[in-house]
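**Q** Please read through the structure below; I'll follow up with questions.
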Amino acid sequence: MTPQLPRLLRLAAFVAVAVVAAPLFSLLWRIPWSELPRLLSTEVVVDALFLSLVTSLVAALLALLIGIPIAFQLSRMTGISASTLRAVATLPMVLPPVVGGAALLFAFGRRGLIGETLDNAAGLVLPYTPAGVVIANAFVATPFVVLTVESGLRALDPRYELAAASLGASPLRSTLRVVLPMIRSSIVAGAFLAWARALGEFGATITFAGNVPGRTQTLPLAVFVAMEADRDAALAMSLVLVFISLIVLVCLRDRWWPAK
Amino acid sequence: MGQQSIPSARSMRILLATVTVLIAVFLNGCGSGSHSIRVFAASSLTEVVQHLAEEYETRYPNTDVELNIAGSGTLVMQLQEGADADLVILASRSHMDQLRDIGLVRAPKQIAQNSLAVIVSPELVKDIGSIDDVRRTALQIAVCVKSSPCGALAWAYASSVGLDLSSATHESNVKAVLAKVERDEVDVGIVYMSDLRTSREQLGHLANARADQYSTSYPLAVTTDSKARRAAENFAALFAEPVGQSALTHFGFQLP
């Protein structure tokens, strides 16, 4: 039997849920439902949706590629060095995205520390390209992979790896064949969270990659522009983003917070 | 480890007391003391309204001027959604008409004019000297979003000279375009003459590109339900005085 909650706490929770849900409800209330098909089939929206899906998926893969090794390293560290590395690796999660975008600009911008070399050596310019959007998205999304995968690794009983080693498996083999399969659900959760975060990314993208329709104007940027130009279109696109984000979170429930 | 992270009851009480005091001080500071007027102004007017706000505060030391500076499109949106303003100055008549048509402002007056300028980043000043150079080379261009006054003008201008803006980045206001050109994050930008004038960088200006034929006027209006009508009208009056007129011309605007 589940212990009962104090009545006051239940009341507080009810009020809190209402506060959280009010803006969402207000958004739905304003949606011009009958106009949706027309609003969502304009070129600007279709381009933005396609670009958003592609860049956020690639960014999620990139976040896995960067985040998993960091998580493995972190899971074997303790004390101040672990805290420091974890802070650096997850900083983009709490950093204002516009600061992240500015930092990326100083690194990979046309006059950036690395960007200038890339430009001179290979003619590779990231700002104002879809690749720039991917970089910005991956930057803010990677911490989600680091945190979920690290917590998965820390929850893992080390005896499995020790057993694999005692049976003659090399560290690489035991990582690939024993550890990775066992933390699969953490990796999947991290990937989904990273993807959802990338899909919603705004500040770092507009700062670093600009706002070029068809090239770097993702769905959130298109919403931002349409808020001034065409309110109904902005609402329709917002609905798409709310819908996708909700689906991700509902599907994730059992992976992110271990189900009972 | 677990014990360490749970704050003691005493430190929680201290934290709570501090927060309470801070909130009290904040609410008190907002509610009492001097009057204030809220001026919503288009980004291109940044320097002018900042200058006049200082002038106003020296003349009327008991009144604070709160400036809300953004693109005209953003300001219209904020006002449509119920933002509280006393005075509104926008960069195009059509934007002000949207506010007038729904009764938010009455009787707008024109205070200034501004025209377009095609500017080139400091790094490319020597290489790009005409609009033909811009058309020929694959340059990164920045313009204002189409829904803004400077964006509407820029698109009209670009189509008249056959300039392709399909890979241009759309910035939410003209100061953002200016900043990108100044920092050499883009090669070319379409801004106002006033922005060129106020910039501290060594920007190139395609003076022969005939962009100055595209101009916009700046309407000013007191909001219908302003609670500081007199003060707002005093601020508006500054634009007609020598101090306002010289500020406008100094920062590159034309008088109507």
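**Q** Take region A:105-136 and flag every residue that is in contact (Cβ under 8 Å) with a residue 60 or more places away in the chain and touching a Phe, Trp or Tyr at 6+ places or on another chain (Cβ under 9 Å). Before you say what the answer is, go through the steps one by one.
**A** Initially, region A:105-136 is screened for residues in contact (Cβ under 8 Å) with a residue 60 or more places away in the chain, giving A:105, A:108-109, A:126-130, A:132-136.
Of everything in region A:105-136, those that are in contact (Cβ under 8 Å) with a residue 60 or more places away in the chain and touching a Phe, Trp or Tyr at 6+ places or on another chain (Cβ under 9 Å) turn out to be A:Leu105, A:Phe108, A:Gly109, A:Leu126, A:Pro127, A:Gly132, A:Val133, A:Ile135, A:Ala136.
**Q** Could you list all residues from region A:101-113 that are within 11 Å of chain B (Cβ to nearest Cβ) and either modelled with pLDDT of 95 or more or in a helix (DSSP H, G or I) (or both)? Explain how you work it out, then say what you get.
**A** Narrowing region A:101-113 to residues within 11 Å of chain B (Cβ to nearest Cβ): A:102, A:105-106, A:109-112.
Listed by number, the residues that qualify are A:Ala102, A:Leu105, A:Phe106.
**Q** Scan the helices (runs of 4 or more DSSP H) fully inside region A:166-210 and keep the ones with 1 or more residues being among the β-branched types (Val, Ile, Thr) and surrounded by fewer than 19 Cβ atoms within 10 Å (Cβ to Cβ). Show your work before the answer.
**A** Details: elements: A:171-174, A:184-199, A:203-208.
The helices (runs of 4 or more DSSP H) meeting that bar are A:184-199.
**Q** Among the residues in region B:207-215, are any touching a Gly at 6+ places or on another chain (Cβ under 9 Å), under 30 Å from A:Tyr128 (Cα atoms) and aromatic (Phe, Trp, Tyr)? Before the answer, list the steps.
**A** Step one: filter region B:207-215 for residues touching a Gly at 6+ places or on another chain (Cβ under 9 Å), giving B:208.
Going one step further and asking which of them are under 30 Å from A:Tyr128 (Cα atoms), we end up with B:208.
With aromatic (Phe, Trp, Tyr) added as a condition, the list becomes none.
Looking for residues that are touching a Gly at 6+ places or on another chain (Cβ under 9 Å), under 30 Å from A:Tyr128 (Cα atoms) and aromatic (Phe, Trp, Tyr), one finds none in region B:207-215, hence no.
**Q** Please verify whether region A:44-61 includes one or more residues that are at pLDDT below 95 and of a type in the set (S, T, N, Q).
**A** Looking through region A:44-61, none of the residues is at pLDDT below 95 and of a type in the set (S, T, N, Q).
**Q** I've got another one for you. Within region A:211-221, track down each residue that is buried (at least 24 other Cβ atoms within 10 Å of the Cβ), out of contact with any strand residue (DSSP E or B) (no Cβ under 6 Å at 6 or more places or on another chain) and assigned to a loop (DSSP other than H, G, I, E, B).
**A** Matches in region A:211-221: A:Thr216, A:Gln217, A:Thr218.
**Q** Of the numbered conditions (1) closer than 29 Å to A:Leu28 by Cα; (2) small (Gly, Ala, Ser); (3) within 14 Å of another protein chain (Cβ to nearest Cβ), A:Ala194 satisfies every one except a single condition; which is it?
**A** For A:Ala194, the exception is condition (3).
**Q** Which one is surrounded by the fewest Cβ atoms within 10 Å (Cβ to Cβ) among residues in region B:172-211 that are among the aliphatic types (A, V, I, L, M) and at pLDDT below 90?
**A** Restricting attention to region B:172-211, the residues satisfying the condition of being among the aliphatic types (A, V, I, L, M) are B:174, B:176-179, B:181, B:186, B:188, B:190-191, B:193, B:196, B:203, B:206-207, B:209, B:211.
Okay, now just the ones that are also at pLDDT below 90, so B:207, B:209.
Values: B:Ala207: 13, B:Ala209: 21.
Checked region B:172-211; the qualifying residue surrounded by the fewest Cβ atoms within 10 Å (Cβ to Cβ) is B:Ala207.
**Q** Only one residue in B:His205, B:His170 is farther than 16 Å from B:Ala117 by Cβ, in contact with a strand residue (DSSP E or B) (Cβ under 9 Å, 6 or more places away or on another chain) and not assigned by TED's automatic domain parsing to the domain that holds B:Gly71, so which one is that? Break it down stepwise before answering.
**A** Numbers: B:His205 fails: farther than 16 Å from B:Ala117 by Cβ.
Of the residues listed, the single one that is farther than 16 Å from B:Ala117 by Cβ, in contact with a strand residue (DSSP E or B) (Cβ under 9 Å, 6 or more places away or on another chain) and not assigned by TED's automatic domain parsing to the domain that holds B:Gly71 is B:His170.
**Q** Is it true that B:Thr216 is surrounded by 22 or more Cβ atoms within 10 Å (Cβ to Cβ), among the polar types (S, T, N, Q) and without any contact (Cβ under 8 Å) to a residue 40 or more places away in the chain? Break it down into steps so the answer makes sense when it comes.
**A** Details: surrounded by 22 or more Cβ atoms within 10 Å (Cβ to Cβ): yes; among the polar types (S, T, N, Q): yes; without any contact (Cβ under 8 Å) to a residue 40 or more places away in the chain: no.
The answer is no for B:Thr216.
**Q** Another question, then. Would you mind finding the one in A:Gly123, A:Gly101, A:Gly109, A:Gly79 that is in contact with an Asp or Glu (Cβ under 9 Å, 6 or more places away or on another chain) and either crowded, with 18+ Cβ neighbours inside 10 Å or not acidic (Asp, Glu) (or both)?
**A** Numbers: A:Gly123 fails: in contact with an Asp or Glu (Cβ under 9 Å, 6 or more places away or on another chain); A:Gly101 fails: in contact with an Asp or Glu (Cβ under 9 Å, 6 or more places away or on another chain); A:Gly79 fails: in contact with an Asp or Glu (Cβ under 9 Å, 6 or more places away or on another chain).
Exactly one residue qualifies, and that residue is A:Gly109.
**Q** Among helices (runs of 4 or more DSSP H) lying entirely in region A:1-100, which contain 3 or more residues that are hydroxyl-bearing (Ser, Thr, Tyr) and in contact with a helix residue (DSSP H, G or I) (Cβ under 9 Å, 6 or more places away or on another chain)?
**A** Values: elements: A:7-30, A:36-40, A:43-75, A:79-94.
Fully inside region A:1-100 and qualifying: A:43-75.
**Q** Now for a different question. Go through region B:158-191 and count every residue that is within 14 Å of another protein chain (Cβ to nearest Cβ) and not in a helix (DSSP H, G or I).
**A** Qualifying residue count, region B:158-191: 17.
**Q** Which of the residues spanning region A:211-230 are among the acidic types (Asp, Glu) and more than 7 Å from every other protein chain (Cβ to nearest Cβ)?
**A** Initial filter on region A:211-230 (among the acidic types (Asp, Glu)): A:228, A:230.
A:Asp230, the sole residue that qualifies.
**Q** Is there a residue in region A:127-134 that is under 30 Å from B:Gln140 (Cα atoms), within 14 Å of chain B (Cβ to nearest Cβ), touching a Ser or Thr at 6+ places or on another chain (Cβ under 8 Å) and hydrophobic (A, V, I, L, M, F, W, C)?
**A** Yes, there is a match, as at least one residue in region A:127-134 is under 30 Å from B:Gln140 (Cα atoms), within 14 Å of chain B (Cβ to nearest Cβ), touching a Ser or Thr at 6+ places or on another chain (Cβ under 8 Å) and hydrophobic (A, V, I, L, M, F, W, C).
**Q** Only one of A:Glu161, A:Glu116, A:Glu150 is assigned to a helix (DSSP H, G or I) and within 14 Å of chain B (Cβ to nearest Cβ). Can you tell me which? Give the steps one after another, and end with the answer.
**A** Working: A:Glu161 fails: within 14 Å of chain B (Cβ to nearest Cβ); A:Glu150 fails: within 14 Å of chain B (Cβ to nearest Cβ).
Step by step, each of A:Glu161, A:Glu116, A:Glu150 is checked, and only A:Glu116 is assigned to a helix (DSSP H, G or I) and within 14 Å of chain B (Cβ to nearest Cβ).
The values are calculated or read from the model by the stated rules, or taken from the named source; none is laboratory data. Owing to the predicted nature of the structure, the values given are computational and were not obtained by experimental measurement. Don't worry about glycine lacking a Cβ; one is built from the backbone with ideal geometry, like all the others, and counts go over all protein chains shown.
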